[in-house]
Every structure is written in C-alpha cells, then in structure tokens.
Amino acid sequence: MKVVQVRCPSCNSPIYSKQRDRLFYCDKCNVIHVRDGGVDKIDFEIGEFKSEPREERVYVPFWRLYCSFVIRSKRVEGGHVFRLVSWMRGEDGSGTLFIYIPAADLDTAMFKRLAVEFTLSSPKYNTRLNFGSTPRMPTVISRDEAKELADFVVVTMEAEKPGVLQRLDYSLIVNSTKMIYLPFGIGPGGMVPAF
C-alpha cells in the first residue's frame, strides 16, 4: 500500500487532518476538495456564529441541493399534499427548492429532524471566510449519496403530515450542490444551531 501526502490542488500546501474526512480543507488558501478518482474542488460556505455559545462550538456539514421538483400525480386519503406545494418556488405542483442533507455522522432521529427542518425553512446566516479555530465535524456522506437521500427527505416530509399518503408520482432533479458548514453549540441538551 502506497501512502501519499494530500496536497491542496490550488497552492500545493500539504494538508494534515487528525480525523477521517471525505473532504480536505486547505487553511492556507481556503479551498475544500474531494479525492474520488481525481481531485474535485467543492463549492462551499461557512456560517458565522450569531453569538458566542457557552457550549462547545462545532461546524456541522450539510449538502445543500438545489432541485427541480414536479408532482406528476398524487392520491391522498384524509388530507392533502400541501407541504410539497407550499415550500416549492413554482406553480401547479412543480418548482424549485433547496433540500438540506446533513453530511456528518448523526443518529437517525437528528439527521431526519435537521434535514426536514432546514428544508422547510432554509437557514439564515452570515458567512465567514474560514473556520478559525473552531473544529468541523467530518463529512461522511458523499455528494452522490446526498443526491440519493433527497428522495428520503421528500417522502419523510409528506408521510409525517395528517392524512394517509397513498401514492405520489414525482420527479426530482438535482441542479447543483454546495457544501454548507453551519455553526452549532454542543451542550448537555445536545446539538443546537448557533446562527
């Protein structure tokens, strides 16, 4: 097995990491890249902490997927398909939306809660240029895995509303992806957003 020093694709500086992560961050030139059969720079944003949390600070990675969505047909008993139509930008059961996929190693309940909450109401935050001294959670979900999980988020959102969803025929196309690092505080009560 050959060990190769990971270097930044922009400035050629060596990249050191104490944790296993799918994404490599160069703190010299603020570039994030992934190595997956080649080197691919990742478009990303870093959210600013709104206030100084008393808890431990951490950045949590999310894939933000900009998607086109079309509902071809639906059948619901005891309710209406209202969530999908209400949060899409468009008319007649079609439009665009952002779907947020947590990319860190989170338990299933936290993953589902954050994905649905942030997809229904996109986080509002100021951005910063780097992470400073704040650690970031490792990214364990690839961009392709996030695209596959987008369907899970859509179905989860509809299945948890009143009424019994019997059939939903739709198409979901991911137009673009961006890695978003959101600030969180970790305390006795768990992880809470800090933006």
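Every read-out reported here was derived from the displayed coordinates using simple, explicitly stated rules and does not represent laboratory data. Everything numeric in this text was worked out from a predicted model, so none of it was measured. Please note: Cβ atoms are built from the backbone with ideal geometry, for glycine as well, and neighbour counts cover all protein chains shown.
Each residue of region 177-188 in turn: what ³J(HN,Hα) in whole Hz from Karplus with 6.51, -1.76, 1.60 and θ = phi - 60°, glycine and Pro shown as x?
10, 8, 8, 10, 9, 9, x, 9, x, 10, x, x
Quick one: if you stick a label point 7 Å off each Cα along the C-beta vector at I173 and D36, how many nm between them?
2.1
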